[in-house]
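Step one of this worksheet: look at the structure below.
What follows is calculated from the coordinates using simple rules that are stated; it is not laboratory data. Remember, predicted model here, so these are calculated numbers, not experimental data. Heads up, the Cβs are rebuilt from the backbone with ideal geometry, glycines too, and the neighbour counts pull from every protein chain shown.
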Amino acid sequence: MTAAPVSLLERVENPEHTGENRCLPCTVVNVVLAGALSVAVGVVSPLAGVLAFAVGIATIRFRGYLVPGTPRLTKRYFPSWLLDRFGKFPAADAEEIDVERYLLSTGVVVDDRGADDLKIDPGFEDRWRRRIREVRGESADRKALAELVGVRPDTLDLEWYGDAFVARIDGEWIGQWESRSAFVADVAASRALEERAGREWSGLPLAARSEVLGALRLFLERCPTCEGEVAFEQEVVDSCCRSYDVVAARCTACDDRLLEVGI
């Protein structure tokens, strides 16, 4: 079989810094620089200024950057509050939920007076573990996700990035998971909560349910897919143009990432 020919645009485009991998802060910086350069050139020749801007925008479109080293510039000179304005995913517009109060009111977690902390209710933990064993044996992740978010399976689009994946409906982000193990934990917990709380659970907005499920992963001691021990660690995560501290939960056996919380 002959391989499909590669178009000129595909040869020029740099997938590492375009499409889903495009960094919005870096793109903004480069567009501003392209505009400033074209204005400077336009003082000498208006036509040359227009051409310079067109070439700059085309370069940003297909290569990601006009100026090499842009991520280092934005990481060094952009304040954190400004970078926060350029989040990769939209913030949920659902009503706020007090996760701790909700988990306590439904009896999912209880006070551990000996440790002055919260612990998961043993009865709920047993139910959750049974559902985990059930879900990890299923092969229809799309169907399980549709059940979790309350939509038809054919409306979902799953995009994998290594071990992690993002779910979208009609191009709009609805959720993301660090690994399939994290996904299994959430689907199983949702089923267990449905059995425990009924409409008090299923009636919550999707964003609120997502917060509750994420909080429950803090109580995992065993990996949902391989039963390995879960360990918590603090680390620094580097994105395109910033670094931040997180607490991460990871399976010591299969290395699946179960949780990442910024601190």
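Its Cα centre serving as origin, the stretch 99-219 has a Cβ charge dipole (Lys and Arg +1, Asp and Glu -1) of approximately 380 debye.
Annotation: for a label point projected 7 angstrom from Cα along Cα→Cβ of GLU200, residues of the stretch 95-123 with backbone N closer than 11 Å are 102-109. With q set to 0.14, 0.16 Å⁻¹, the log10 of I(q)/I(0) for the stretch 99-219, from the Debye formula over equal scatterers at the Cα positions, is -0.60, -0.77.
Quick one: order PHE232, PHE53 by neighbouring beta-carbon count within 10 Å, fewest to most.
Lowest count first: PHE232, PHE53.
As a proxy for reagent exposure, ranking ILE169, ILE174 by other Cβ atoms within 10 Å from fewest up yields ILE169, ILE174. Label-to-label distance for VAL246 and ARG152 is 3.4 nm, based on points extended 7 Å past Cα in the beta-carbon direction.
Each of ILE60, ILE97 was scored by other Cβ atoms within 10 Å of its Cβ. Arranged with the fewest first, they read ILE97, ILE60.
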